[in-house]
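Written out below as structure tokens is the structure these notes cover.
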Amino acid sequence: MKFVDIIKTATANLLRSKTRTILTMIAIFIGAFTIAMTIGMNIGVNDFVTQQVGSIGGEQTLFVQPDVGTTEEGPQKYEAKTADTNGGTVLTLKDLEKIKAVKGIDAVTVIPLSSADYISGANHQKYVLSTMVDVGAKNQIATGRSVNQDDKEAEITLEKDLVKALGYKSEKAALNQTVEIGVTSPATGEQKTFKAKIVGIKKFTLVQGGLSTVNQAFDQATTNFHEAGLPDSMKNQYYGFFTNSKPDTSKADMIKIKKAVTKLGYHAETLEDQITTIRQVVNAITGTLILFGSIALIAASFGIINTLFMSVQERTREIGLTKAMGLSRGKVFLLFSIEAILIGFFGSLFGILAAIPAGHLINDMGTKSFLKGLEGLKLIDFNPLAILSIMCLIMFIAFLAGTLPARRAAKLDAITALRYE
């Protein structure tokens, strides 16, 4: 008997008892559907997180802050000789020079202590504003462009929720409009208004969600005002630095750069480090859901064993006859194993075929409701490799479940089987 004939025979045998076969496949279907949806969710969310990291420099960007004195071993003891006048809570020009000197760092963007009070637009209403200097954002702009760091005119890319709040009918209508931004001097308490041109509207991002970005011209003007009247010891102080390395910098080189910065006494993180917690939470949730799908597959495995054991019992004389006609033990074993694999194949196929449209439906519903505002997020996404892996895994589990009844069938003695009533 050729391999193709074995497959045809196995398929025909499964169709003998359609109800029993379908019920067994349903259990496989439930497990495959659950696992496919869960893995699709894991892929969708993690792809979105990766996209967010890539949009603001990704692995080539390092966020540097003062070392607050906590290490993996616990809090560090205070030593007067190493403490600075700011208690290590801010960075200075001296720190900036140290960071710039680290091999592999191509550029450094400072994050000043100065902050805006409010922003006012077309309707003259004032809204709280959070800003930071643009660090070379990519794929963050929904409408317009990023700020030009070389332009002497103050520019801002606006966080999209502020568009309608400031009185603009649409994102396009807000472009090239001038907004007023209020900043207060910590030295005098005076509040001054600065103007900036809207050049772009930002997409939502995990790392910079809710932040509008400005160019160096605006940042320098507000910083100068913020520091006016302050003693020299309180000038040129920064919340932190964003360092950028060349685009072709490898992960290994970024680790070396990070270690070099850490050795200088600073706390350094890549943007990937900052969202590791998000990935861990996503993986933990999806891992739990996969466990439920696995339980369904385990239950289905017992169903496969039961189905094939009953099939062996019902076809005992038939097995004896085929063996008497020269069918080897190996081919008998293969015949029943393929029956198990076919149950796994069709159960997993139908489960995945049901999961794909269900995933698209959830994505469409989510985009219009609970995922509104999270541009670029597909809550459930599928890729061919994941689908193929799920099917292969389920077929392998089905094969393992079918080995016991297949082995029993292969061991049947032809004479004894022919006498079976």
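Points worth noting:
- Across segment 181-211, the qualifying residues are those that are in contact with an Asp or Glu (Cβ under 7 Å, 6 or more places away or on another chain) and assigned to a loop (DSSP other than H, G, I, E, B), and the one among them that is modelled with the lowest pLDDT is 210.
- Among strands (runs of 3 or more DSSP E) entirely within segment 89-168, having at least 3 residues that are under 29 Å from residue 266 (Cα atoms) and under 31 Å from the mean Cα position of the chain (by Cα) singles out 107-112, 131-133.
- Residues located in segment 248-269, provided they are closer than 18 Å to residue 98 by Cα and among the polar types (S, T, N, Q): 262
- Enumeration of residues in segment 299-316 that are surrounded by 14 or more Cβ atoms within 10 Å (Cβ to Cβ) and either of a type outside the set (Gly, Ala, Ser) or not in a helix (DSSP H, G or I) (or both): 304, 305, 306, 307, 308, 309, 312, 315, 316
- Cross-chain or 6+ apart pairs with Cβ under 7 Å, segment 342-367 first and farther than 14 Å from residue 41 by Cβ and assigned by TED's automatic domain parsing to the domain that holds residue 37, then of a type in the set (Ser, Thr, Tyr) and part of a helix (DSSP H, G or I): 342/11; 343/21; 343/24
- Residue pairs whose Cβ atoms lie under 8 Å apart, separated by 6 or more positions or on different chains, with the first residue in segment 282-308 and more than 13 Å from residue 28 (Cβ to Cβ) and the second among the aromatic types (Phe, Trp, Tyr) and in a helix (DSSP H, G or I), are 308/336.
- Close pairs from segment 157-168: first assigned by TED's automatic domain parsing to the domain that holds residue 121, partner aromatic (Phe, Trp, Tyr) and surrounded by fewer than 21 Cβ atoms within 10 Å (Cβ to Cβ), Cβ under 9 Å, at least 6 apart: 159/204; 160/204; 161/204; 162/127; 165/127; 166/127
- Of all residues making up segment 224-254, the number that are farther than 18 Å from residue 65 by Cβ and part of a helix (DSSP H, G or I): 10
The values are calculated or read from the model by the stated rules, or taken from the named source; none is laboratory data. These figures come from a predicted structure and were not determined experimentally. Because the Cβ atoms are built from the backbone with ideal geometry, glycine has one as well, and the counts that use them run over all protein chains shown.
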